[in-house]
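Chemist: Input: one structure, supplied below.
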Amino acid sequence: MKDFDYHLPQERRVVTDGFGEKSAALNSRREAAVARALTPGLPGYVVAADGGVLVDADDNSYIDFASGIAVTSVGASNKRVTDAIAKAAAEFTHSCFMVSPYQSYVEVCEKLNQLTPGDHDKKSVLLNSGAEAVENAVKIARKYTGKNAVAVFDHGYHGRTNLTMSMTAKNKPYKTGFGSLAADVHRVPMSYPARDGLKGEEAAARAIKVLDQQVGAENLACVVIEPVQGEGGFIVPAQGFLPAIAQWCRDSDVVFIADEIQSGFGRTGQWFASEDEQVVPDIVTTAKGIAAGMPLSGVTGRAEIMDSPIPGSLGGTYGGNPVACAAALAAIEEFEVHDLPGRAREIEAIIREYLEPLTESEAVVDVRGRGAMMAIELINGEVTAEIAAACKKQGLLILTCGIDGNVVRLLPALTIPEHLLREGLDILTTEINTALS
């Protein structure tokens, strides 16, 4: 892979064992000032990041296989993005697009309309977070169809607000103690090849039977699905599943919403994961990689659907903030100039080189994913947690996921240098082998 220019040394450096003195002091302040629910996984408090590294207050340099949960795909301090942020902030930091509009909001919507799947007429709205995008996509679908029910899938994750928490499958830590949940949300079976062994069409028929018999198309406003599931375990549905669900929606006057918040923006080796099987959603939700860490999300859909809500019924004070929009335009330019979706495919090839030999072990359930959204599912969650902790001690940050907590997920920045990617994979495979031996 071609290297980029970096302002930080792209090296792993372990100076302290766990908390260093400065990070320990910061952690004490966190415990006193920050709600207990926000408990970071990394012992170090980050002071700088670039390319594939996070540097903490005690000068530890971690290899970063998380990229802020698939957010800093172009790097955490990409020069094109930081220059655009500085320029925009010097001009104005806020005006609220609904009150006094500005060009960058329009430009981001134009890019989303251009980049998302399909050549039909599209329109977009910009918001702050992925959950907010999903909520608004559901609102729009309900207004357009005049129906209320929402269908989601086993293992899915869609956010932490009341509606999206209800749409999310996993109880702990996302839902426990936070009820009552939103009504008229229905869960149907997902295609999970490693566990159900079904072909895509078979898994789709199973899901459609539930939709028909337990929900009813006449009640259903939308079906919401992650084309590659994220927090639920990086589950890639069997070929044929997504197209069959999308076709059923078209035939049934149900809005098909692709939640591309984690799988979009080059992460899976194409601009959007839906493109792998030429699926064209009615609505696409985006966030995470869209603006390199600035808070921004989008809902993009067929123009007639997006125009169904009345004027003034969509928006929010900060949605489409001008500084975040400038960051998004710069990040998208970085994707285009350097073909970062193509780089994601290169990353996938290297990850598979390291992980696929591990499937010879009975304790490894599956290696799966696309692009720089790859995962290895292990036999149980306890072993997975031990591996993650051991990697952190070695200076490698990885994340786990899955309903059972038994999946290691890899989300490196698309700008990570190859030598650092390989070094991190060496550590990970060594720790997996040690834990499983």
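Chemist: Looking only at the range 144-152, decide whether some residue is surrounded by fewer than 17 Cβ atoms within 10 Å (Cβ to Cβ), in contact (Cβ under 8 Å) with a residue 12 or more places away in the chain and touching a helix residue (DSSP H, G or I) at 6+ places or on another chain (Cβ under 9 Å).
Modeler: Yes, the conditions are met somewhere in the range 144-152.
Chemist: Scanning for something in a helix (DSSP H, G or I) and closer than 18 Å to Phe4 by Cα, does the range 314-330 turn up at least one residue?
Modeler: Taking every residue of the range 314-330 in turn, at least one turns out to be in a helix (DSSP H, G or I) and closer than 18 Å to Phe4 by Cα.
Chemist: Go through the range 38-62 and give me each residue that's in contact (Cβ under 8 Å) with a residue 12 or more places away in the chain and closer than 30 Å to Lys175 by Cα.
Modeler: Listed by number, the residues that qualify are Gly41, Leu42, Pro43, Gly44, Tyr45.
Chemist: Give me a count of the residues in the range 162-189 that are within 22 Å of Phe234 (Cα to Cα) and modelled with pLDDT under 95.
Modeler: Qualifying residue count, the range 162-189: 6.
Chemist: Here's another thing I want to ask about it. Only residues in the range 192-205 that are in the same structural domain as Glu226 (by TED's automatic domain parsing) count as the first member; pair them with residues that are surrounded by 15 or more Cβ atoms within 10 Å (Cβ to Cβ) and assigned to a helix (DSSP H, G or I), Cβ under 6 angstrom, at least 6 apart or cross-chain, and list the lot.
Modeler: Filtered contacts from the range 192-205: Gly200/Phe241; Glu201/Ala244; Ala203/Phe241; Ala204/Phe241; Ala204/Ala244; Ala204/Ile245.
Chemist: A follow-up question, please. How many residues, within the range 367-401, are among the acidic types (Asp, Glu), touching a residue at least 12 places away in the same chain (Cβ under 8 Å) and over 21 Å from Gln229 (Cβ atoms)?
Modeler: Here the count works out to 1.
Chemist: Please specify each residue of the range 118-169 satisfying the condition of being more than 17 Å from Val188 (Cβ to Cβ) and of a type in the set (Phe, Trp, Tyr).
Modeler: Hit for the range 118-169 is Tyr144, nothing else.
Chemist: Shifting gears a bit: Tell me which helices (runs of 4 or more DSSP H) are completely within the range 1-110 and hold 3 or more residues being closer than 15 Å to Cys325 by Cα and not assigned by TED's automatic domain parsing to the domain that holds Ile350, or say none if there are none.
Modeler: 79-91
Chemist: May I pose another question? Scan the range 272-313 residue by residue and report those that are in a strand (DSSP E or B), within 19 Å of Gln247 (Cβ to Cβ) and aliphatic (A, V, I, L, M).
Modeler: Ile283, Val284, listed by residue number.
Chemist: Something else about it: Does Asn136 meet the test of being outside any loop (DSSP other than H, G, I, E, B), closer than 19 Å to Gln270 by Cα, in contact with a strand residue (DSSP E or B) (Cβ under 6 Å, 6 or more places away or on another chain) and modelled with pLDDT of 95 or more?
Modeler: no
The values are calculated or read from the model by the stated rules, or taken from the named source; none is laboratory data. On a predicted model such as this, the values are computed, not experimentally measured, just so you know. Heads up, the Cβs are rebuilt from the backbone with ideal geometry, glycines too, and the neighbour counts pull from every protein chain shown.
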